[in-house]
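Let me begin by presenting the structure, written as structure tokens, before commenting on it.
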Amino acid sequence: MKKLVLIFFLFINLSLFAQNKESVQDIFQKLKQQSNIDKSDKTVYNLLTEFYEKNLQADEEIMTPEDIQQIEKLLSDPNAKNLHILMLFLMYQQHISQTAAVGKEPDSNFQIETMNLLESETKDVFGKIPAIIYIYKAEALESGKRKEDSQNTVAQGLKEYPDSIPLKVYSYMNTHDNAIKNDLIKNHSKHWMVQQFEIK
């Protein structure tokens, strides 16, 4: 995971939720009850999209300290809308970051449950599932040894986001489709995931 994001999510103060013995569903319901839900407000959706663009879609990480300040500002704004989605996303991100930092495998059940909730809630609130949710859900399912479900998630994500490089990479890793491989090599050879998975 990229350094700036890892540092930010390691220190964000969500440990109260992450260490709680309650289920993800219970925690999410509490977050939702405290959140001001507004289906016309796309601030959180746009933030998730920007996070995806700068951390997953870009050739190299381009997230800045200003981007992190934007997240912190939103979290501290009492009038902010749909924060339950952002909080659950950050809780997920923190879990992944903390387990990676100590060399442990993440809890795949937690990952899958969290991604299912985020998928359902983003679709309900925003009318569309952000690309990053498809990517993280596919990773969660893969972590939970649910390869076929992961592949289906990647395929569905590519229908919504056909230009998503991470989804193309995962699709190639699943199918070994030469057309996808050629596209990745020709058009995205400098992308960090193409290089990480040594697609050449």
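The values are calculated or read from the model by the stated rules, or taken from the named source; none is laboratory data. Predicted model, so just to flag it, every value in this text is computed and none were measured. Counting neighbours? That spans all protein chains shown, and the Cβs are built from the backbone with ideal geometry, glycine included.
When residues in the range 114-141 are screened for being buried (at least 18 other Cβ atoms within 10 Å of the Cβ), of a type in the set (D, E, K, R) and more than 16 Å from V154 (Cβ to Cβ), 1 of them pass. Out of all the residues in the range 96-122, which are of a type outside the set (S, T, Y), under 15 Å from the mean Cα position of the chain (by Cα) and under 19 Å from I85 (Cα atoms)? Hits for the range 96-122 are I96, F110, Q111, I112, E113, M115, N116, L117, L118, E119, E121. Among the residues making up the range 72-113, those that are in a helix (DSSP H, G or I), over 21 Å from Y134 (Cβ atoms) and out of contact with any strand residue (DSSP E or B) (no Cβ under 9 Å at 6 or more places or on another chain) are E72, K73, L74, L75, S76, Q98, T99, A101.
Taken across the range 80-96, residues that are free of Cβ contacts under 8 Å to residues at least 12 places away in the same chain and surrounded by fewer than 18 Cβ atoms within 10 Å (Cβ to Cβ) do not occur at all. Inside the range 36-66, can you point out the residues that are in contact with a Lys or Arg (Cβ under 8 Å, 6 or more places away or on another chain), of a type in the set (S, T, N, Q) and crowded, with 18+ Cβ neighbours inside 10 Å? The one that is in contact with a Lys or Arg (Cβ under 8 Å, 6 or more places away or on another chain), of a type in the set (S, T, N, Q) and crowded, with 18+ Cβ neighbours inside 10 Å: N55. Considering the range 1-55, the residues that are of a type outside the set (S, T, N, Q), closer than 25 Å to N109 by Cα and not in a helix (DSSP H, G or I) include one that is modelled with the lowest pLDDT, namely M1. When the residues of the range 40-71 are filtered to those that are of a type in the set (D, E) and free of Cβ contacts under 8 Å to residues at least 12 places away in the same chain, the one that is nearest to F126 (Cα to Cα) is E53. Output the residue which, of all residues in the range 114-163 that are in contact with a Lys or Arg (Cβ under 8 Å, 6 or more places away or on another chain) and outside any helix (DSSP H, G or I), is farthest from D26 (Cα to Cα). Within the range 114-163, the match that is farthest from D26 (Cα to Cα) is G127. The residue that is nearest to N55 (Cα to Cα), counting only those in the range 143-175 that are buried (at least 20 other Cβ atoms within 10 Å of the Cβ) and without any contact (Cβ under 8 Å) to a residue 24 or more places away in the chain, is K168.
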